[in-house]
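K.L.:
What follows is a single structure, and I will ask about it in a moment.
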Amino acid sequence: MDDLEKAILLVYEPGAADPTFRAQAMAFCDRAKADLSALLRLCLDRLHRSPLVPVHFWCLQALHDAVRLRYSSFPPADLPILRSALLSLASDRPLPAASPPFLRNKLAQTLAALIRLEYPSPWPDPFLRILPCLPSADPSSIDMFARFLVALDDDLLSLDYPRSSAEAADAARVKDAMRQQCVPQIARHWFDVVSLYHSLDTYLAAAALDTMRRYVTWIDIALVANDAFVPLLFELILAPDSIDQLRAAAVGCVLAILQKRMDPRQKVALLRSLPVNRVFADPNLVIKVPYLVTGYAAEVLECYKKLGLTHIDSSSPMELLEEALPSVFYVMQESEEVELGNVVEFLSDYVTTMRTPSQKQAVYLGHILEFIRVQICYDPAYRNNLDIPDKIGREEEDQMGERRKDLLVLFCSICRLAPDVTQLFIQNLLIRALSSSEASVEEVEAMFTLFYRLGETVNEEAMRTGSGLLRELAQMLLSSQFPCLSHRMVALIYLETVMRFMKFVQDNPQYIPYVLAAFLDQRGIHHPNLNVSRRAGYLFMRAVKLMKSKLVPYLDMILRGLQGTITQFTTSDWHSKNLECSGSEDGSQIFEAIGLLIGMEDVSPEKQSDCVAAFLRPLCQKLNEVLLDSKAQGLEESSAEVLTLQQIIMALNALSKGFNARLATSICPAIGIMFKQALSGVLEILIAFPNIKTLRNKITSFIHRMVDILGASIFPCLPVVLKQLLMESEPKDMVDFLVLVNQLISKFSTSVEGILEEIFPAIASRLIMILSKDAFPSGPGCNTEEVRELQELQRILYTFLHLMANHNLSSVFLAPNCRGYLDALMQLLLLAACSHKDVLLRKLCVQIFMKLIKDWCTNCNVDDKVPGFRSFIIEKFATNCCLYSVLDKSFEFHDANTLLLFGEIVLAQKVMYEKLGSDFVIHFVAKGLQAAHCPHELTEQYYQKLQQANDIKALKSFYQLLVENLRQQQNGRTAGQMQESFVDVHYHRDVSKNEKGVYCGNAFFKKEKESYSVCLILR
């Protein structure tokens, strides 16, 4: 053993040497690779002389790397030596028979890499030198040739792997050369090997077949789909004593032949020529070759889809398919090898080919439905995990949901194609479940899942009338006691299915008692599983909304059924349950259903009052108990008491949704009194614990409901409410507060003027501080949650101001304690009206200005309510918003919302002309249009259009043309540059006139030189 061999052993046996020695050994081996010519001779010598497998592998790996990575550096004189040596190792002087497979594979990869680079030029004959040796070769050489073909396919020829454009070009070149030179001889070699060795050396025969399978895709199909090969392949498939490996290899070749791309008519002829019917005739064999069965059926179906009904003869694709389908269904039922996705895809394609199913096809559809049912059943091993869901159960539920997607889409397709077949199938499942004492949880859950999906596909008319078997199915669903409903999964889908068929119950009220029983007994709201109970409450609320007028006769029965639930609700330990069903299904939906029923006009006021008292008193009593304890012991955000108070407030809120102001204040005032008392209790919580966010949000929501129900009688409570809610000034809190104030303004209009005067200074001071210009940073990374909250607050603020202006509350702005904030608010409004990104918000601000102009300005300057406001509108709003903002290129006339804003801007000019008269026109023309270089004739036309009464449409059209004309004349000057050149005049500064000139801020202009002075300032 020389030094190189010792170094190689150290490299491949890292645990046998010190890391330092191993590193030295690796460096020594790397130095041996430096000279390619020396490396070639060294490797060939060691391959023939050394008995050590690691040395052989190192040599082959070194040659492989040299060919792949350093081919261009090979001396030309060494390439013939390399070719000859590799061919010799692969054929006439092969590696020893005892050589391990990985060594043979590495030799095959090296030869394949060289062929990729040199075949057919400059190396035209590698295959011609190997193939003649094979008929008389020993098994070792035959095995080596198979490995070489596999390596060539894996590394170059196969399309199953992503290839670069260079690799694709090399593959095409090699394939073309092989087709012209040697593919027929290779095919003959495969046949000879399989014929000779299928009984002597099954591994060798299977290897040849695997190689053949790979090459079928691009060689002439006649070389393998012929009278020699096909009988041989099917002999291997059909032979009872054929081993599984050989049969599977033969099936792979047949599948490759079936799936080869060709004209569909030729494909049909090929399919007809294959003796696949002999496979179909033997069920034991069918189960051994499931991929052959499904693959054959898929190819036949594909041909049918391409040919349609044009290929009609005794061997049409559909006839071939119907011959194969029984075996396909048998494989689907009995085999676990076939991939579900492929089967579902095939079945979906098959169903889509049907128009009006024949009797035979109806039978096939029944088989498909049964297959779907079996596939959507849960594994019984997870039954307990799914009943009380743990991590394993939730994962299984998620996986089954994903598995079911395509299966249920297929089921719905069959429902629409053959409703009678599907309904009969569901009916049989129902009968089986009701008649069998051994029905499992998994089977019943799958049955209801399919029943529910059937309901999804039925149109409203068919559902109401119960067409086909739907009436019988609905009767069985509603009037029968099904097994396994104690399990969570079964109970949930059962209730969903009942809800799906509520449209049938609407037209068949005789079934209402059955529906109520399902929701109110142990199957629904009283189910021991909390998830089921709360889901039942939610679904029951939906059912009440859908048909509440028909439920009035059953009101007493419903209330009796829910009484225990109310007791449970007020005595539950919410903290220990950890709010398992948090979110939309929180248990309060039961109270909403109760409120909707009690609030019906068909219920007498006395009964309404008694019922409300029966449900409100326990809630209020519990609320007061918890509040007293909390005041004594303190309250934390995540405590059990907070969760309990939260649930009670949500229940009160939900109960109130069944009542309106007319009922609670006029028809039955006692209801309003009880809700007012409940509100007082809730406000006690807000006063005692104003900083607990979760309670604050629920209380605010309840106050919204009370505003709707109690009407003006809530006014005495409002000062306390608004004072407490104003204690927090975070943006989210201010949004919630302003939404409530906006509701008050919308509902009560000027009646809340006094309240607004009290709270407006606090609102304005906080919002002006929060919404300063610096509050909205721009640039990357600025779209944070905080910024989005500020943007929402800004939107709500302008909505608030808009409501005030349009509900005749603009006088609030002028109240002595509010007037000091007017300047800052006007500046915020002007900035938003001119440049806010939200076009609809800009429109809102323009509308506010228009209403304020109407309220505060008169035709006579001396009678204006707000001194200086007229000048602010003329000098700031008119020019900046109505001219410069629309001149900016960002003002896009092709946008629908921008056009709405433009319409408001034009309307604002009309309002300013009516209220401000010549003052507006002179300033807008002189310091707006003329400064923007508007042609004189367009200015005159603008003034004429402005004077035309009630012709806003003509003014809008003209003003758009004027703006577009001015944009073309700007010559690179932005509207912002023009806007900034004007003197900064605020509306609250004194503006005085005299005979000699006009005073504007600190500029004094002579009237006769006014246009000159303006132009001078602009320059």
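K.L.:
Is it the case that Leu801 is of a type in the set (A, V, I, L, M, F, W, C), surrounded by 20 or more Cβ atoms within 10 Å (Cβ to Cβ), within 21 Å of Pro867 (Cα to Cα) and assigned by TED's automatic domain parsing to the domain that holds Phe891?
P.N.:
No; evaluated as a whole, the condition is false for this residue.
K.L.:
What is the number of the single condition among (1) modelled with pLDDT under 95; (2) of a type in the set (A, V, I, L, M, F, W, C); (3) buried (at least 16 other Cβ atoms within 10 Å of the Cβ) that Ile905 does not meet?
P.N.:
(1)
K.L.:
Quick test for you: out of Leu840, Leu887, Leu852, Leu883, pick the one residue that is touching a residue at least 24 places away in the same chain (Cβ under 8 Å) and touching a Gly at 6+ places or on another chain (Cβ under 6 Å).
P.N.:
From the options Leu840, Leu887, Leu852, Leu883, the qualifying one is Leu883.
K.L.:
Exactly one condition in (1) exposed (fewer than 15 other Cβ atoms within 10 Å of the Cβ); (2) β-branched (Val, Ile, Thr); (3) touching a helix residue (DSSP H, G or I) at 6+ places or on another chain (Cβ under 7 Å) is not met by Thr20; state its number.
P.N.:
Among (1) exposed (fewer than 15 other Cβ atoms within 10 Å of the Cβ); (2) β-branched (Val, Ile, Thr); (3) touching a helix residue (DSSP H, G or I) at 6+ places or on another chain (Cβ under 7 Å), the lone unmet condition for Thr20 is (3).
K.L.:
Then there is this: Among the numbered criteria (1) at pLDDT 90 or above; (2) farther than 29 Å from Pro80 by Cα, which single criterion is violated by Thr20?
P.N.:
Evaluating Thr20 over (1) at pLDDT 90 or above; (2) farther than 29 Å from Pro80 by Cα leaves (1) as the failure.
K.L.:
Mind listing whichever residues of region 513-532 are surrounded by 22 or more Cβ atoms within 10 Å (Cβ to Cβ), part of a helix (DSSP H, G or I) and of a type in the set (Gly, Ala, Ser)?
P.N.:
Result: Ala518, single match.
K.L.:
Moving on to the next point. So, Ile142, is that one closer than 26 Å to Leu204 by Cβ and outside any loop (DSSP other than H, G, I, E, B) or not?
P.N.:
Numbers: closer than 26 Å to Leu204 by Cβ: yes; outside any loop (DSSP other than H, G, I, E, B): yes.
So Ile142 fits the description; yes.
K.L.:
Also, quick follow-up: Condition first: more than 26 Å from Phe715 (Cβ to Cβ) and of a type outside the set (S, T, N, Q). Now tell me which residues in region 639-674 satisfy that.
P.N.:
Once the filter is applied, which keeps residues that are more than 26 Å from Phe715 (Cβ to Cβ) and of a type outside the set (S, T, N, Q), region 639-674 yields Ala640, Glu641, Val642, Leu643.
K.L.:
So, one more: Looking at Arg104, Arg93, Arg41 in this structure, which one is among the basic types (Lys, Arg) and within 52 Å of the chain's Cα centre (by Cα)?
P.N.:
Going through Arg104, Arg93, Arg41 in turn, just one is among the basic types (Lys, Arg) and within 52 Å of the chain's Cα centre (by Cα): Arg104.
K.L.:
Here's another thing I want to ask about it. So, of the residues in region 362-399 that are of a type in the set (A, V, I, L, M) and farther than 22 Å from Phe425 by Cα, which turns out to be surrounded by the fewest Cβ atoms within 10 Å (Cβ to Cβ)?
P.N.:
Restricting attention to region 362-399, the residues satisfying the condition of being of a type in the set (A, V, I, L, M) are 362-363, 365, 368-369, 372, 374, 376, 381, 386, 388, 392.
So of that shortlist, the ones also farther than 22 Å from Phe425 by Cα come out as 381, 386, 388, 392.
On the way: Ala381: 9, Leu386: 23, Ile388: 11, Ile392: 13.
Only one residue fits best here, namely Ala381.
Residue-by-condition table, conditions (1) surrounded by 18 or more Cβ atoms within 10 Å (Cβ to Cβ); (2) in contact (Cβ under 8 Å) with a residue 40 or more places away in the chain; (3) small (Gly, Ala, Ser); (4) within 17 Å of Ala146 (Cβ to Cβ):
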| site | (1), (2), (3), (4) |
| --- | --- |
| Val67 | yes, yes, no, no |
| Ser72 | no, no, yes, no |
| Pro76 | no, no, no, no |
| Leu86 | yes, no, no, yes |
| Asp92 | no, yes, no, yes |
| Ala98 | no, no, yes, no |
| Phe102 | no, yes, no, yes |
| Asn105 | no, yes, no, yes |
| Gln109 | yes, yes, no, yes |
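K.L.:
Residues in region 221-243: is at least one closer than 19 Å to Ala146 by Cα, charged (D, E, K, R) and out of contact with any Lys or Arg (no Cβ under 6 Å at 6 or more places or on another chain)?
P.N.:
Scanning region 221-243 turns up no residue that is closer than 19 Å to Ala146 by Cα, charged (D, E, K, R) and out of contact with any Lys or Arg (no Cβ under 6 Å at 6 or more places or on another chain).
K.L.:
Please specify each residue of region 141-189 satisfying the condition of being surrounded by fewer than 16 Cβ atoms within 10 Å (Cβ to Cβ), over 21 Å from Asp125 (Cβ atoms) and touching a residue at least 12 places away in the same chain (Cβ under 8 Å).
P.N.:
If the condition is that a residue be surrounded by fewer than 16 Cβ atoms within 10 Å (Cβ to Cβ), over 21 Å from Asp125 (Cβ atoms) and touching a residue at least 12 places away in the same chain (Cβ under 8 Å), then Leu159 is the only one that fits.
K.L.:
If you check every pair at least six apart or on different chains, which have Cβ atoms under 7 Å apart with a residue in region 239-257 that is in a helix (DSSP H, G or I) first and a residue that is among the small types (Gly, Ala, Ser) second?
P.N.:
From region 239-257, the pairs are Gln245/Ala206; Leu246/Ala205; Leu246/Ala206; Ala249/Ala206; Leu255/Gly295; Ile257/Ala225.
K.L.:
Next question, about the same structure. Let me confirm something: among Lys927, Lys910, Lys956, which residue is over 16 Å from Ala833 (Cβ atoms), of a type outside the set (A, V, I, L, M, F, W, C) and in contact (Cβ under 8 Å) with a residue 60 or more places away in the chain?
P.N.:
When all the criteria are applied, what remains is Lys927.
K.L.:
Something else about it: Could you tell me which of the residues Leu555, Leu546, Leu559, Leu539 is assigned to a helix (DSSP H, G or I) and modelled with pLDDT of 95 or more?
P.N.:
On inspection, the qualifying residue turns out to be Leu539.
K.L.:
From the list Val925, Val921, exactly one residue is under 20 Å from Lys953 (Cα atoms), assigned to a helix (DSSP H, G or I), in the same structural domain as Asn950 (by TED's automatic domain parsing) and of a type in the set (Val, Ile, Thr). Which is it?
P.N.:
Val921
K.L.:
To continue, here is another question. Please list, ordered by first then second residue, the pairs with beta carbon atoms under 6 Å, 6 or more apart or interchain, first in region 331-352 and among the hydroxyl-bearing types (Ser, Thr, Tyr), second not in a loop (DSSP other than H, G, I, E, B).
P.N.:
Ser335/Pro290; Ser348/Leu410; Tyr350/Leu301
K.L.:
Looking at (1) out of contact with any Pro (no Cβ under 8 Å at 6 or more places or on another chain); (2) surrounded by 16 or more Cβ atoms within 10 Å (Cβ to Cβ); (3) more than 25 Å from Arg83 (Cα to Cα), which is the one condition that is false for Leu44?
P.N.:
(3)
K.L.:
How many residues does region 865-902 hold that are in a helix (DSSP H, G or I), among the small types (Gly, Ala, Ser) and surrounded by fewer than 19 Cβ atoms within 10 Å (Cβ to Cβ)?
P.N.:
Number satisfying all stated conditions: 1.
K.L.:
Here's something else I'd like to know. Does Gln794 qualify as being among the polar types (S, T, N, Q) and either exposed (fewer than 15 other Cβ atoms within 10 Å of the Cβ) or modelled with pLDDT of 95 or more (or both)?
P.N.:
no
K.L.:
Hey, could you check region 314-365 for residues that are outside any helix (DSSP H, G or I) and closer than 17 Å to Asn277 by Cβ and say which is nearest to the chain's Cα centre (by Cα)?
P.N.:
Only one residue tops the list, namely Ser316.
K.L.:
Scan region 30-49 for residues that are within 17 Å of Leu60 (Cβ to Cβ) and assigned to a loop (DSSP other than H, G, I, E, B) and jot them down.
P.N.:
Listed by number, the list holds a single entry, Lys33.
K.L.:
Could you tell me whether any residue of region 815-822 is assigned to a loop (DSSP other than H, G, I, E, B) and crowded, with 19+ Cβ neighbours inside 10 Å?
P.N.:
There is at least one residue in region 815-822 that is assigned to a loop (DSSP other than H, G, I, E, B) and crowded, with 19+ Cβ neighbours inside 10 Å.
K.L.:
Please tell me if Ala222 is assigned to a helix (DSSP H, G or I), without any contact (Cβ under 8 Å) to a residue 24 or more places away in the chain and within 51 Å of the chain's Cα centre (by Cα).
P.N.:
On the way: assigned to a helix (DSSP H, G or I): yes; without any contact (Cβ under 8 Å) to a residue 24 or more places away in the chain: yes; within 51 Å of the chain's Cα centre (by Cα): yes.
Yes.
K.L.:
Further question on the same structure: Could you please find all residues in region 375-393 being without any contact (Cβ under 8 Å) to a residue 60 or more places away in the chain and part of a helix (DSSP H, G or I)?
P.N.:
Of everything in region 375-393, those that are without any contact (Cβ under 8 Å) to a residue 60 or more places away in the chain and part of a helix (DSSP H, G or I) turn out to be Gln375, Ala381, Tyr382, Asn384, Asn385, Lys391, Ile392, Gly393.
K.L.:
Continuing with the same structure: May I ask you to verify whether Ser136 is free of Cβ contacts under 8 Å to residues at least 40 places away in the same chain, out of contact with any strand residue (DSSP E or B) (no Cβ under 9 Å at 6 or more places or on another chain), assigned to a loop (DSSP other than H, G, I, E, B) and under 20 Å from Arg179 (Cβ atoms)?
P.N.:
no
K.L.:
Separate question: Mind telling me which of the residues Pro528, Pro509 ends up being under 19 Å from Asp602 (Cβ atoms) and either out of contact with any Ser or Thr (no Cβ under 6 Å at 6 or more places or on another chain) or without any contact (Cβ under 8 Å) to a residue 60 or more places away in the chain (or both)?
P.N.:
Being under 19 Å from Asp602 (Cβ atoms) and either out of contact with any Ser or Thr (no Cβ under 6 Å at 6 or more places or on another chain) or without any contact (Cβ under 8 Å) to a residue 60 or more places away in the chain (or both) holds for just one of Pro528, Pro509, which is Pro509.
The values are calculated or read from the model by the stated rules, or taken from the named source; none is laboratory data. Keep in mind the model is a prediction, meaning the values are calculated, not measured. Glycine also receives a Cβ, built like all others from the backbone with ideal geometry; neighbour counts cover every protein chain displayed.
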